[in-house]
Amino acid sequence: MKPREDPITKHPTKYTKISGIFGWIWLSCIPIVLVSAYLHITTLAVVMSFVGGLAAIGDSVCVFLDLWQRRNEIAREDHHD
């Protein structure tokens, strides 16, 4: 059995790209939340926590959908062999 190339970096799906955007959003929210909480800007901290949480959930869903799509593609390829 030959080793497979990394399919995620070689052939990104639409979910991989969307997951990257969501990941960038929630990772960007972390320092904003920390600084705004330190400076006692409560409204900004709460809003950015909410936005970061939604982006993290969206990122997780996209990762799941990406892996699900890849599993189905591999199953389809193996079925035809």
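For the structure I just gave you, tell me whether residue 17 is of a type in the set (Lys, Arg), loosely packed, with under 13 Cβ neighbours inside 10 Å and modelled with pLDDT of 85 or more.
yes
Evaluate the stretch 70-79: report whether one residue or more is surrounded by 13 or more Cβ atoms within 10 Å (Cβ to Cβ), at pLDDT 95 or above and charged (D, E, K, R).
no
Counting only residues that are exposed (fewer than 14 other Cβ atoms within 10 Å of the Cβ) and among the hydrophobic types (A, V, I, L, M, F, W, C), which one in the stretch 42-66 is farthest from residue 12 (Cα to Cα)?
Among those that are exposed (fewer than 14 other Cβ atoms within 10 Å of the Cβ) and among the hydrophobic types (A, V, I, L, M, F, W, C), it is 46.
Would you pick out the residues in the stretch 42-64 that are out of contact with any Cys (no Cβ under 6 Å at 6 or more places or on another chain), under 15 Å from residue 22 (Cβ atoms) and either small (Gly, Ala, Ser) or not in a helix (DSSP H, G or I) (or both)?
53, 55, 56, 58, 60
The values are calculated or read from the model by the stated rules, or taken from the named source; none is laboratory data. Computed from a prediction, not measured in an experiment: that's the story for all the values here. All Cβ positions, glycine included, derive from the backbone under ideal geometry; neighbour counts span all protein chains shown.
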